[in-house]
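What follows is a single structure, written as structure tokens, with notes after it.
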Amino acid sequence: MPHSKIAGMGFYVPEQIVTNKDLEKVMDTTDEWIRERTGIEERRYAKKHEETATTMGVQAANIAIERAGLTNKDIDFIIFATLSPDYYFPGCGVLLQREMGMNGIGALDIRNQCSGFIYALSIADQFIKSGMYKNILIVGSEFHSCGLDFTTRGRNVTVIFGDGAGAAVIQATEEEGKGILTTHLHADGKFAEELAYYNPGSHGGVFLKDKPERQSNYGEEPEFGGIFMTNEMVDDGQIYPTMNGRYVFKWAVEKFPEVIHEALTKTGNVVDDIDMLIPHQANLRISQLVQMNLGIENDRVYNNIQKYGNTTAASIPIALCEAWEKGKIKDGDLVCLAAFGSGFTWGSALIRW
Ligand code: ACO
């Protein structure tokens, strides 16, 4: 039975560097606060009106396909993970397909936020194991800076996020013991609103009934029809993401180790067998606590949130690709990917390189 491996990877980050000092100019924050709480020093922002989640995804995908020794015509299927798509619909998968001239093949968008890349990897792995496809392009891309609140009101969320994209070609292989060994996916929708971007949406307040502080004033409404969006909601900043930071922190530091252990147990490995851990770049403090909990030394964990901020679905492929480019991942290494994020969703993957 075929299984899958990563045949090529690429990442793209926009040119524009925005430092913590730059953010100090637009909101009441400090470089010291941001570094201390998140480890972030700077992030990249995409060029407005020129770049999108799709165009950044294309840049990363071109590199991944070339490194896999393939051309666009060899790709059988596309999986695109993002929470900041170009359009509400259709998804970025079809836009990327059009841009890359891969017309006719299937394109799937997934909405699993910080766990998006691991969900994409797992879906690709299953398609390949079933024999349905041989080469699947998976992409994680985010254009966060177009949807954040750059006033002091939004500082707890805005300072954390950055823009960028990562991509990988997942390919069928018959090579024993190499490639994707296992993937594990989880979710708990109880916590959906703890880290969410829920307006505009069709909820109309339904799922926020027990959270009066998040309920919107929809004003005078017709009996049916209309959009659940008012000028007041825009003025109140209800069009921006909300995050219960402490809650996210608490759950992340519990679920990361749990799901890593799940993958190790499934494959008969132990923490000492991991050569490189690539945690989703949520927050450096979260990564450090997870590392401490597992008892892994610094040279077996790769973090780059300091330079790029949290790029959600793009953070794992960017970090994985950068670690590989720096020679930190070698043939035969056991690589562990792990993520936790909005939903809540979480997951892990073990790959024998
Ligand atoms: N600059 C300066 N002060 C700030 C900022 C900021 N950017 N943001 C919040 N503050 C202030 C708050 O207003 C508050 O002030 P107050 O005491 O006068 O009310 C004070 O700092 C403390 O605020 P808290 O929200 O309680 O700060 P906390 O210590 O929890 O740190 C943080 C906030 C960094 C968000 C933390 O909760 C955290 O790391 N949570 C994890 C969230 C995370 O990593 N999210 C990533 C996205 S999800 C994912 O990828 C898994």
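Give the range of the longest stretch in the chain that excludes all GluC sites (Glu not before Pro) found in loop regions by DSSP and having at most 12 other beta-carbon atoms within 10 Å. Before the final figure, lay out the partial values.
Working: sites that count: Glu15, Glu50, Glu174, Glu175, Glu176, Glu220, Glu223, Glu297.
Within the chain, the longest run free of exposed GluC sites (Glu not before Pro) spans 51-173.
What are the ³J(HN,Hα) couplings of the stretch 145-153, residue after residue, when phi is run through the Karplus curve with 6.51, -1.76, 1.60 and θ = phi - 60°? Round to Hz, x for glycine and proline.
5, 7, x, 10, 8, 8, 9, 4, 3
Rounded, prolate or oblate for the stretch 29-68? Axes are the square roots of the Cα gyration tensor eigenvalues, ordered a ≥ b ≥ c, and the cut-off for rounded is a/c under 1.5. Before the final figure, lay out each step's value.
Working: a/c = 5.39, a/b = 2.04, b/c = 2.65.
Cα axes put the stretch 29-68 in the oblate bin.
In Å, the Kirkwood hydrodynamic radius of the stretch 22-117 over pairs of distinct alpha carbons? Spell out each step's value before the answer.
Numbers: mean 1/r = 0.0640 Å⁻¹.
It works out to 15.6 Å.
Rounded, prolate or oblate for the stretch 308-349? Axes are the square roots of the Cα gyration tensor eigenvalues, ordered a ≥ b ≥ c, and the cut-off for rounded is a/c under 1.5. Before the final figure, lay out each step's value.
On the way: a/c = 4.49, a/b = 1.60, b/c = 2.81.
Note, shape of the stretch 308-349 comes out oblate.
By how many degrees, between 0 and 90 and to the nearest 10, does the Cα long axis of helix 53-67 differ from the longest principal axis of the chain?
So the helix axis and the longest Cα principal axis differ by about 10 degrees.
Once you place label points 7 Å from the Cα toward the Cβ at Met1 and Lys178, how far apart are they in nm?
Between Met1 and Lys178, the label points sit 2.1 nm apart.
Cross-link partners among aspartates and glutamates for Lys255, C-alpha distance below 12 Å, same-chain residues fewer than 8 apart left out?
Of all the aspartates and glutamates, those that pass the test against Lys255 - Cα under 12 Å, at least 8 places apart if same chain - are Asp188.
Could you give P(r) for the chain, binned at 10 Å from zero, as whole percent values over all Cα-Cα pairs?
Bin by bin from 0 Å, the calculated values are 6, 26, 34, 24, 9, 2, 0.
Checking the cross-link filter: which aspartates and glutamates have an alpha carbon closer than 18 Å to that of Lys330, excluding same-chain neighbours under 8 positions apart?
Glu175, Glu176, Asp272, Asp273, Asp275, Glu297, Asp299, Glu322
Just check the stretch 225-353 against the gyration tensor rule for me: Cα atoms, a ≥ b ≥ c as the square roots of the eigenvalues, rounded for a/c under 1.5, and otherwise prolate or oblate depending on whether a/b exceeds b/c. Let's see the in-between values first.
Values: a/c = 2.45, a/b = 2.06, b/c = 1.19.
Because a/c hits 1.5 or more and a/b exceeds b/c, the stretch 225-353 counts as prolate.
So what J values fall out for the stretch 298-309 if you push phi through Karplus, 6.51 cos²θ - 1.76 cosθ + 1.60 with θ = phi - 60°, rounded to Hz, Gly and Pro as x?
Per residue, the Karplus-derived 3J(HN,Hα) values read 4, 6, 10, 10, 10, 10, 9, 4, 3, 9, 10, x Hz.
Only bridges with both residues in the stretch 3-173 count here: give the DSSP antiparallel percent, nearest 5. All intermediate terms of the calculation are to be shown ahead of the outcome.
Working: 21 of 31 bridges.
Taking every DSSP beta bridge with both residues in the stretch 3-173, the antiparallel ones total about 70 percent.
Any chance you could list the semi-axes, whole Å, largest first, of the equivalent ellipsoid that the Cα gyration tensor gives for the stretch 3-173, using √(5λ)? Working shown, then result.
Values: eigenvalues 214, 47, 37 Å².
Rounded to whole Å, the semi-axes are 33, 15, 14.
Using the Karplus equation 6.51 cos²θ - 1.76 cosθ + 1.60 (θ = phi - 60°), what ³J(HN,Hα) coupling, rounded to whole Hz, does each residue of the stretch 282-297 give in order, writing x for Gly and Pro?
My calculation for the stretch 282-297 gives 7, 5, 4, 5, 5, 4, 5, 5, 5, 4, 5, 4, 7, x, 9, 6 Hz in order.
How big is the gap, in Å, between the Cα center of the stretch 96-122 and the Cα center of the stretch 291-350?
20
Roughly speaking, what is the centre-to-centre gap between the stretch 5-28 and the stretch 204-256 when only Cα atoms are used, to the nearest Å?
One Cα centre to the other: 27 Å.
May I ask you to list the residues of the stretch 295-331 whose amide nitrogen lies under 15 Å from a point 7 Å from Cα along the Cα→beta-carbon direction of Gln126?
Once the point is set 7 Å along Cα→Cβ of Gln126, nothing inside the stretch 295-331 turns out to lie under 15 Å by backbone N.
Mind listing which trypsin sites (Lys or Arg not before Pro) in the stretch 1-67 are in a DSSP loop and have 11 or fewer other Cβ atoms within 10 Å?
Numbers: sites: Lys5, Lys21, Lys25, Arg35, Arg37, Arg43, Arg44, Lys47, Lys48, Arg67; in loops: Lys25, Lys47, Lys48.
The qualifying sites are Lys25, Lys48.
Once you've got the Cα coordinates, tell me which of Lys47/Lys307; Lys129/Lys266; Lys48/Lys326; Lys178/Lys266 are over 23 Å apart. Write down the numbers at each step before the final one.
On the way: Lys47/Lys307 18 Å; Lys129/Lys266 17 Å; Lys48/Lys326 30 Å; Lys178/Lys266 16 Å.
Exceeds cut-off: Lys48/Lys326.
Below 8 Å, C-alpha to C-alpha, sequence gap of six or more: please give me the relative contact order for the chain in percent.
Details: 816 pairs, mean separation 90.2, N = 353.
Relative CO of the chain lands at 26 percent.
Hey, got the dipole for the stretch 124-243? About the Cα centre, +1 on K and R Cβ, -1 on D and E Cβ, debye to the nearest 20?
Working: 9 positive and 18 negative charges, 73 e Å.
In debye, rounded to 20, the stretch 124-243 gives about 360.
Could you give the nm distance between label points at Glu66 and Lys48, where each point is 7 Å from its Cα heading toward the beta carbon?
About 3.1 nm, to one decimal.
Every number here is computed from the coordinates shown, using simple stated rules; none is lab data. Keep in mind it's a predicted model, so treat the numbers as computed, not measured. Cβ coordinates were reconstructed from backbone atoms using ideal geometry, including for glycine residues, and neighbour counts include every protein chain displayed.
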